[in-house]
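Nothing in this text is a laboratory measurement; each read-out follows from the coordinates by a stated rule. All figures in this text were calculated on a predicted structure; none of them were measured in a lab. Heads up, the Cβs are rebuilt from the backbone with ideal geometry, glycines too, and the neighbour counts pull from every protein chain shown.
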Amino acid sequence: MEQDGNLIGQNMFMRTIIEADDGRTIPVLTMGPIGITPELKRKGYGKALLDYSLEKAAETGAGAVLFEGNIGFYGKSGFDYAGRFGIRYHDLPEDEDASFFLCKELIPGYLDGITGVYQTPQGYYVKDEDVEAFDKGFPPRKKLKLPGQIF
Ligand SMILES: CC(C)(COP(=O)(O)OP(=O)(O)OC[C@H]1O[C@@H](n2cnc3c(N)ncnc32)[C@H](O)[C@@H]1OP(=O)(O)O)[C@@H](O)C(=O)NCCC(=O)NCCS
């Protein structure tokens, strides 16, 4: 997302799968990170970018988007808890809180009759030491832990 030639926001999607309990492999998308430049937060740009990018994702024919996020923001764009669709998060014990794990069908009914486990695609896994090396290229900043932040 650009404003006056400056980058003010971004979002991305990646293909992944649900391993269905009946043995099928269900293609879905995952999403993120979505971000809006800090000085322009809470002005509606994030929701506009999210809704626009979901429309574009739907145009590719994808059936559903699943990912980790805060229902306070994503719920306004039609996301619900993935557990309500019968989809579980990989490696998360059944009794753990899964309220961070969200889902939106892009094709209504796409997940009807499906239960299974969502897999984060390999592209999202990074080595901590690679991240640290990359971050060293920027001026140092103090890491904060803010409400709604997962990591
Ligand atoms: C999350 C983010 C993209 C939202 O963008 P934004 O432009 O600030 O959001 P919007 O102004 O479009 O917000 C729309 C509504 O979503 C809700 N919302 C937005 N940010 C929220 C938050 N952090 N917590 C709870 N609700 C939130 C609010 O209800 C908001 O409406 P309101 O301002 O009238 O109350 C932005 O805050 C951001 O870049 N955060 C840092 C990166 C990040 O955490 N990305 C998410 C990774 S999963």
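Please give the number of the condition residue 138 fails out of (1) over 18 Å from the mean Cα position of the chain (by Cα); (2) under 23 Å from residue 1 (Cβ atoms); (3) within 12 Å of the ligand (Cβ to nearest atom).
(3)
So, in the range 67-95, of the ones that are of a type in the set (Lys, Arg) and more than 9 Å from the ligand (Cβ to nearest atom), which residue ends up surrounded by the fewest Cβ atoms within 10 Å (Cβ to Cβ)?
Among them, the one singled out is 84.
If we keep just the residues of the range 113-151 that are assigned to a loop (DSSP other than H, G, I, E, B) and of a type in the set (Val, Ile, Thr), which is surrounded by the fewest Cβ atoms within 10 Å (Cβ to Cβ)? Before the answer, list the steps.
Here is the first cut: in the range 113-151, the ones assigned to a loop (DSSP other than H, G, I, E, B) are 113-115, 120-121, 125-127, 136-151.
So of that shortlist, the ones also of a type in the set (Val, Ile, Thr) come out as 114-115, 120, 126, 150.
Values: 114: 18, 115: 13, 120: 16, 126: 9, 150: 7.
Residue satisfying both the conditions and the ranking: 150.
On the basis of being surrounded by fewer than 14 Cβ atoms within 10 Å (Cβ to Cβ) and touching a Lys or Arg at 6+ places or on another chain (Cβ under 8 Å), does residue 43 make the cut? Show your work before the answer.
On the way: surrounded by fewer than 14 Cβ atoms within 10 Å (Cβ to Cβ): yes; touching a Lys or Arg at 6+ places or on another chain (Cβ under 8 Å): no.
So residue 43 fails the test.
Are any residues in the range 10-63 of a type in the set (Val, Ile, Thr), within 9 Å of the ligand (Cβ to nearest atom) and in contact with a strand residue (DSSP E or B) (Cβ under 6 Å, 6 or more places away or on another chain), and if so, which ones? Give the steps one after another, and end with the answer.
Step one: of the range 10-63, the residues of a type in the set (Val, Ile, Thr) are 16-18, 25-26, 28, 30, 34, 36-37, 60.
From the residues that got through so far, the ones that are within 9 Å of the ligand (Cβ to nearest atom) too are 34, 36-37.
Passing the criteria: only 36.
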